[in-house]
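The values are calculated or read from the model by the stated rules, or taken from the named source; none is laboratory data. Nothing here was measured: the structure is a model prediction, and the numbers come from that model. We place every Cβ from the backbone using ideal geometry, glycine too, and count neighbours over all the protein chains shown.
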Amino acid sequence: MAYISQRGAYWRAEVRKRGHKPIYRTFDTRQQAQQWAERTEAEITIGTYVDRTETERTRTVESASLK
């Protein structure tokens, strides 16, 4: 099940599926959040979802240290 909520100026999408950790992501628009949530839910359902959280977090930290 996907939940979309407004958090200040941003939109937060949360996808929850039984047997999986909740997945959160923040977007500039409600439409972007909705599209991501639908795509992520579908990937989980058919078994093709790959959790990229750690990879994205690592790249963000590396980028910040280069500045």
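Tallying residues that are under 19 Å from TYR49 (Cα atoms), surrounded by 11 or more Cβ atoms within 10 Å (Cβ to Cβ) and not basic (Lys, Arg) within the range 1-21 yields 6. Mind listing whichever residues of the range 22-36 are loosely packed, with under 13 Cβ neighbours inside 10 Å and without any contact (Cβ under 8 Å) to a residue 12 or more places away in the chain? Once the filter is applied, which keeps residues that are loosely packed, with under 13 Cβ neighbours inside 10 Å and without any contact (Cβ under 8 Å) to a residue 12 or more places away in the chain, the range 22-36 yields PRO22, GLN31. Considered as a group, the residues in the range 29-42 that are assigned to a helix (DSSP H, G or I) and over 12 Å from the mean Cα position of the chain (by Cα) include one that is modelled with the lowest pLDDT, and that residue is ALA42.
The number of residues in the range 18-28 being under 13 Å from the mean Cα position of the chain (by Cα) and assigned to a loop (DSSP other than H, G, I, E, B) comes to 3. The set of residues in the range 1-20 that are free of Cβ contacts under 8 Å to residues at least 24 places away in the same chain and charged (D, E, K, R) comprises ARG7, ARG12, GLU14, ARG16, ARG18.
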